[in-house]
Structures are given as C-alpha cells and as structure tokens.
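The values are calculated or read from the model by the stated rules, or taken from the named source; none is laboratory data. Treat the numbers as computed from the prediction; the structure is a model and nothing was measured. Positions of Cβ are backbone-derived with ideal geometry, glycine not excepted, and every protein chain shown enters the neighbour counts. We work out accessible area using only protein heavy atoms, side chains counted, and drop any ligands, DNA or RNA first. Shrake-Rupley method; radii C 1.70, N 1.55, O 1.52, S 1.80 Å.
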2 protein chains.
Amino acid sequence: MIIDIHGHYTTAPKALETWRNQQIAAINDPSSAPRPSDLKITDDEIRETIEANQLKQMKQRGSDLTVFSPRASFMAHHIGDFQVSATWAAICNELCHRVSRLFPDHFIPAAMLPQSPGVDPRTCLPELKKCVEELGAVAINLNPDPSGGHWTSPPLTDRHWYPIYEKVIEYDVPVMIHVSTSCNPCFHTTGAHYINADTTAFMQLIQGDLFKDFPTLRFVIPHGGGAAPYHWGRYRGLAQELKKPPLPEHLLHNVFFDTCVYHQPGIDLLTRVVPVENILFASEMIGAVRGIDPETGHPYDDTKRFIEASKALTATQRLQIYEGNARRVYPRLDSALKQKGK
Amino acid sequence: MIIDIHGHYTTAPKALETWRNQQIAAINDPSSAPRPSDLKITDDEIRETIEANQLKQMKQRGSDLTVFSPRASFMAHHIGDFQVSATWAAICNELCHRVSRLFPDHFIPAAMLPQSPGVDPRTCLPELKKCVEELGAVAINLNPDPSGGHWTSPPLTDRHWYPIYEKVIEYDVPVMIHVSTSCNPCFHTTGAHYINADTTAFMQLIQGDLFKDFPTLRFVIPHGGGAAPYHWGRYRGLAQELKKPPLPEHLLHNVFFDTCVYHQPGIDLLTRVVPVENILFASEMIGAVRGIDPETGHPYDDTKRFIEASKALTATQRLQIYEGNARRVYPRLDSALKQKGK
C-alpha cells in the first residue's frame, strides 16, 4: 500500500472560494457575513473535483491513500479574528471529512486549526477535538506563523504552544508544521515562505528541548524538511555548538520529513542523509508545482518516480517510506486501515 | 590557486566589540557616543588575530586567498539609525582593509554597507565608493533585510535597490546577498535566518526580471544557495508556472552559489544540480560552525575536503570552482592578482 501523507483539497468547488471572499468582505461589517449554511456543495460536486483531479492522478501514479487536509495556502490565519478563522476552519475540515466519506479507501482527513495571530492556541482545542473524535482526522496541521510571513508568534518550543501538544499527545496524532499564504511581499508563498518555515521549525527544535517535555510528540516537517537535509552538516554542527545531543538522539525520535522534493538529486540527498525511518512518502499533489518537467517528461510532483528510481533504497526501505513509517507515525491511520482488514 | 570568496573578520580584537557596545549604549544619548578615533587597534593586534586563526587554518587546509569582509552577524543594521550604521561600517571596512594590507597575499577586502531599515539605499553609495576606490574592495555584501528578521524592505527586484545595482555595475563588483543577526526570536541567526534569506533571495529573483534591467549584475548567494539546490525541481517548476525562462537562461548568467555546505552529501548535490560555472569555493571560516565533525574527524567548515572528495568533479572543474569562476565573477580580484603576476 502506498500512503501519501501530504495532500490538500486544492480543487474544492468554486463555491468555497466565493463563500470565503464574502466572509472576508464582511469582516468590517459582520451583519453582512455569509452563514456557513449559505455554502451549498453537493456530494456530486465533491466527487467531480476529486475524481477528475487527485484521485485520477493517484491512480495514474499508483498511490492508494492520501492524508487529506484543507488547502494550506487558503488557511490564511492572518485574515480576520478568531471567529473568522473558526468558521472557516470548520467549513474546510468538514469538506475534507466529506471527501473521506465519499472515497473511504483513498482519503483520510487531517485537520487545519482555527489559529489567529496573537490568540491563545488553546482556542483551537474544540475544533481539534471535533475533527479527531467525530470527523476521523488522523493528524493536524499547525501553522507556526499565523501572521502570514511576519513571524510574530513565539518559537514552537515555547509554552505558548503546549496546550496543542498536550491534546495531540492524548489523541496520539502527529503534527505537520505547515504555514499558509505569505502576506509579506518578500516571501513567495510556496517558493520561500513554505521552505523557510520548514527550515525555521527544524532549527527551533534544535535550539530547544521540547521532546524532553513531550517524549511522544511527533512533528512532520513537510517539503523534504525545507533546507535541513541539504545543510545536515551545518545542523549537526550547530547542535554540537549548542551542547545538544547528536540529531538522531535529540530530534529523530520525534521529527519526520516528507518526500515533497521535486527532482531526483533532492530525493537522493534526503535518503542519503536522513534515516529511512524518518522519511514518509508524500507528493503534495495537487499543489504548488503542477507542471511537467521537460527534463523527464513527468510531473514535477510525481515523487513516487524518484523513490522508485533511487539506487540507494532497498525494496524493504521503499515499503517503510510508502507505508510502514506512516502507520507508525499516524497510529489512527493504522487503526483505520486495520479496521478494514488492511 | 585556491580562492575562498566568503570569509568574515569574526576574530577582530576585543576592542572592536567594546567600542560597538559603547556606541549602542549611547544611541539614546549621542553626546556620550565614542568617537571612531577612540578605537585603538594596532597592526600587531590585527596580525595576531589573523595569524592564530584564519591564516593558520588557511595554511592547514591549503587555501591561498580569502575575500574578507566584516563579521556578518555584527553588521546588525537594525541597530540605531543611518549615522550609527555609517560610523560602524566605516570602522569595520577599514579593519578589513588593514588586514588586506598586512597580508596582501592572503586577504582581499569586500565591503559591508551602512544600511539602516527604512533608509534609502542611496545613502550607502559614499561608503561603497570609498571601499572600492580607496580600500580595494572587490565585492560588497548587501543585506536584503536590514530590519534583522522582520523583512520590512522590498524584494531585491524592487527599484528601491537600483541605486546600489547601478553603482556596482559601474565598478564591476559582485554583490553577495548576506543578512546579519536576527532579532526575531523565531529565527536562529546562522541556522535559520541566513539560510532563509538565501532561499528568499533566490525566489525573489525567479519572480522578477531584474537581469533584464541589469544584464551584467552579479549576485553570489552564500551558504550553498540556502535551500535552492536541494529544491531545484521545485524552483524549475515554479519558474515554469510563472512563465519565466528556464533557470539557466533566467538567472544563471547572473547568480552564483558558494560552497558553504558542511557535509559531503550537500556538496555532492550542489555540484550535481548547479552548473560548475556557477559554483565558487568558500568556507565561511571562521564562522557559524566551528567544531570538528565526529563522523569525519575534520572541521565541518573545511569545505575543500568535500570538493576534493567529490567523485563527480574533474580536475579542470575543481580549478574552476577554486579559482577560475572567482576571477571571472570578481574582475577586480582578477586584476589585483594579475598586477602581482598571478
């Protein structure tokens, strides 16, 4: 079985964006805000957007199951206040849940949180609870920078975030660290802000001792870990200078990287540097980079081809990356599969 | 000849830091500010700090000449106003010039600029002029984020920066993109802010068309280009989505990467992905990562070992990385060497 742990509902029916635009337009005039019930999306509309896009490509590429969360760039936690985020997160999470009910063999949800800049993350707990207990979420996406490129929240090692960590440990769900749209003109959203956030989070974890407080907390750093694997020597050296244990002991029981790296040399570096136990298959399809690579004739984000073509991986290691690691890091995903006899 | 294009005077005599601390303490009370002439550093003191550190290691490792600029993390352009930066930059540039006069075969200066957040970069031109015309600077370091981690300046492709570009083109000196200390607690200076800035700059250049306006402008992106080479497929794909030409045509006549990547797999990726013409030897010694790698028994930042051990590079290509590319990208360095018959 091939599990893609990183997919977003980037192809949701147009009505979703229209509703969101109305919500944003009404921020300064709450009486004109649309109600959640104003958003009408039928099951058939959802089916169409999935069958013609993600599911079609999953079948073409040969992946079976996607951990599916709301479109990351549309989370836009910087817009409005907590109530705006709360309404929006509930709608988006509900849609991913519906996708998972319509295609139970192919999608399983992960939740976005109703974060808002300067607001206590504790306010996210009711949505988190609902998503895990009622909607079947097997992971959450946590935005380390709800300001959208101004980085006004404390580092991930700060007690600010502890209420979230306490809850995910209770539920035994992993946390993907994933920012949203950049509203800082310096940072292109998918070309700079995403990758910088991954790098930033990894270095924050090196600086801190978070996993002493939370030995079972698990973070997935997407996009191949940002710059971290490429600069693995730098990070090993900085950990050493900071008198931290070596990275395998300091972080690698708790930190995992996905394979959203869109060329063979990048995947080869990732698998050469990071222990195979810490690598989880993902493509973020349909996401930031949708074109065909003229050098290969295949889509940039068809990352399975790079795993297949890796000369360093054994068949057993490929299975770990495709399935075994995901089942270990996402226990609720594993349980859901076992309930189906998989 | 082996030219290291990226070294900073990180070992300057203690008196420099003391003077700077006095300058900072006096920001709100200019009458108590130290005068530049209060800073007394003798030639012997400079000799000691260089001979026992950078020069010693250059001899041990086998590099000949370092392009030497003020300590990057101490530029701290966010501190004080333009006048504070101007005084500080003049002092630091003068010291690097003195190093180059005391060790003319081993050091050649690059200049920092007296940038200050929100201040027109045009104000940097007198210091730039002095450094190139009088102090022998062969390059400049440009900080794309003088706010120190808040990213309040426009992208590098904005006309805001054009006065600098016009001047460096006139002088035919390259620009290293190099941030300074982070005063944003989210970003560790050398582990996140430096690498993020490299990645951010590269993506800004993809988004823009700067080299249409300045076909001869040359940027060096340090620290191996941040995350760019590891995510080369992502960047090729994003350029394609943005309807830009392929990266070799769009950027690689003008953008170069150094080899400050502190492990063999990283250097192997860099040399596999980036054309050899665009790679310049550097170590940033003595810099962010000063320890001995227990996996190799050698210093993390002894990057020459990785170039030597690369199985992909021919002897000719190593010469390009060590010397040929630096002479081409830094014409004033080449002229200075030729004047000495080198």
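Observations on the model:
- Test: residue in segment A:211-218 that is out of contact with any Leu (no Cβ under 7 Å at 6 or more places or on another chain), at positive phi, at pLDDT 95 or above and away from chain B (no Cβ under 14 Å): no
- Pick from segment B:129-152, criterion closer than 19 Å to A:THR200 by Cβ and not β-branched (Val, Ile, Thr), ranking: nearest to the chain's Cα centre (by Cα): B:ASN143
- Single residue of segment A:326-338 satisfying the filter (closer than 16 Å to A:ASP64 by Cβ and part of a helix (DSSP H, G or I)) that is most open to solvent (accessible area, probe 1.4 Å): A:LYS338
- Criterion violated by B:ALA33 - all others in (1) open to solvent by less than 40 Å² (accessible area, probe 1.4 Å); (2) over 20 Å from B:ALA111 (Cα atoms) satisfied: (1)
- Hits in segment B:1-14 - residues which are more than 30 Å from B:LYS338 (Cβ to Cβ), open to solvent by 30 Å² or more (accessible area, probe 1.4 Å) and outside any helix (DSSP H, G or I): none
- Filter result for A:ALA52 (out of contact with any strand residue (DSSP E or B) (no Cβ under 8 Å at 6 or more places or on another chain), open to solvent by 30 Å² or more (accessible area, probe 1.4 Å) and hydrophobic (A, V, I, L, M, F, W, C)): yes
- Verdict on B:ALA228 being out of contact with any Ser or Thr (no Cβ under 8 Å at 6 or more places or on another chain), more than 7 Å from chain A (Cβ to nearest Cβ) and open to solvent by less than 10 Å² (accessible area, probe 1.4 Å): no
- Checked against the criterion of being farther than 23 Å from B:ALA110 by Cβ, of a type outside the set (Gly, Ala, Ser) and either open to solvent by less than 70 Å² (accessible area, probe 1.4 Å) or in a helix (DSSP H, G or I) (or both), the candidates B:GLU295, B:GLU308, B:GLU323 yield just one match: B:GLU308.
- Within segment A:233-268, considering residues that are facing chain B (nearest Cβ under 7 Å) and outside any helix (DSSP H, G or I), the one nearest to the chain's Cα centre (by Cα): A:VAL261
- Options B:ARG318, B:ARG272, B:ARG290; residue that is within 13 Å of chain A (Cβ to nearest Cβ), open to solvent by 10 Å² or more (accessible area, probe 1.4 Å) and free of Cβ contacts under 8 Å to residues at least 12 places away in the same chain: B:ARG290
- Filtered by the rule that a residue be open to solvent by less than 10 Å² (accessible area, probe 1.4 Å), closer than 30 Å to B:MET1 by Cβ and of a type in the set (Gly, Ala, Ser), segment B:74-101 gives a lone residue, B:ALA89.
- Filtering segment B:156-205 to residues that are part of a loop (DSSP other than H, G, I, E, B), charged (D, E, K, R) and within 14 Å of chain A (Cβ to nearest Cβ) leaves only B:ASP158.
- Within segment A:27-37, the only residue that satisfies the criterion of being outside any loop (DSSP other than H, G, I, E, B) and under 11 Å from A:GLY80 (Cβ atoms) is A:PRO30.
- Residue count, segment B:269-278 (criterion: in contact with a strand residue (DSSP E or B) (Cβ under 8 Å, 6 or more places away or on another chain) and either in a strand (DSSP E or B) or within 16 Å of A:GLN264 (Cβ to Cβ) (or both)): 3
- Every listed requirement among (1) closer than 26 Å to A:SER153 by Cα; (2) part of a helix (DSSP H, G or I); (3) touching a Pro at 6+ places or on another chain (Cβ under 8 Å); (4) of a type in the set (Ser, Thr, Tyr) is met by A:THR49 save one, (1).
- In a residue-by-residue description of segment A:15-26, the property of being open to solvent by 20 Å² or more (accessible area, probe 1.4 Å), part of a loop (DSSP other than H, G, I, E, B) and in contact (Cβ under 8 Å) with a residue 24 or more places away in the chain applies to no position.
- Verdict on A:THR87 being under 25 Å from A:LYS304 (Cα atoms) and at pLDDT 95 or above: no
- Taken together, the residues in segment A:254-305 that are under 25 Å from A:LEU217 (Cβ atoms) and among the aromatic types (Phe, Trp, Tyr) amount to 3.
- All conditions in (1) open to solvent by less than 50 Å² (accessible area, probe 1.4 Å); (2) under 26 Å from A:ASP293 (Cα atoms); (3) more than 13 Å from every other protein chain (Cβ to nearest Cβ) hold for B:GLU277, with the sole exception of (1).
- Looking across B:GLY287, B:GLY224, one residue alone is in a helix (DSSP H, G or I) and in contact with an Asp or Glu (Cβ under 7 Å, 6 or more places away or on another chain). It is B:GLY224.
- From the options B:PRO104, B:PRO154, B:PRO117, residue that is of a type outside the set (A, V, I, L, M), touching a Ser or Thr at 6+ places or on another chain (Cβ under 6 Å) and open to solvent by 10 Å² or more (accessible area, probe 1.4 Å): B:PRO117
- Sole exception among (1) within 30 Å of B:PHE103 (Cα to Cα); (2) surrounded by 24 or more Cβ atoms within 10 Å (Cβ to Cβ); (3) not aliphatic (A, V, I, L, M) for B:LYS167, by number: (2)
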